[in-house]
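All of the numbers you see were taken from the coordinates with simple rules; none came from a lab. This is a predicted model, so every value here is computed, not measured. Note that we place each Cβ from the backbone using ideal geometry, even for glycine, and neighbour counts take in every protein chain shown.
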């Protein structure tokens with residue numbers, strides 16, 4: 001009777017970590033790149049979560065194509081992390097009808113090098129410039 005769907009293992013080996021400041025999460029929701037860039041420049045973790053969601057989840061859920069485009073340039077970004085509802089950023093973008101975000105994710109999902117380990121995701125990263 002009503003078995004739960006199986007949870008697929010994400011392509012990347014990164015594990016989400018708590019600790020994303022609300023200010024950075026909110027910036028991703030609202031499309032404020034300067035705040036996101038500052039957070040990451042201060043060695044913030046691009047895969048950190050606030051309430052179970054990364055900045056990529058927040059951007060995709062709110063149609064912030066500029067943020068999605070910016071975050072996808074960061075090599076340590078784990079595109080396929082799932083939130084507390086077992087949704088990837090791609091699922092959120094598609095579910096909310098944000099075609100441009102979906103397109104960016106699909107175009108960039110397969111350009112990533114082999115999966116990163118959790119320690120590599122926390123290591124220093126190059127921040128894209130405009």
Residue exposure sequence - 17, 41, 88 - by fewest surrounding Cβ within 10 Å: 41, 17, 88
Computed E for residue 96/residue 33 - FRET, C-beta separation, R0 22 angstrom, nearest 0.05: 0.65
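Counting every Cα pair in the stretch 17-122, what percent are over 25 Å apart? Don't skip to the answer; put the middle values down first.
On the way: 490 of 5565 pairs.
Of the Cα pairs, 9 percent sit more than 25 Å apart.
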Sorted by Cβ neighbour density within 10 Å, fewest at the top, the residues 42, 55, 29: 42, 29, 55
Efficiency of FRET between residue 86 and residue 43 - r from beta-carbon atoms, R0 25 angstrom, step 0.05: 0.30
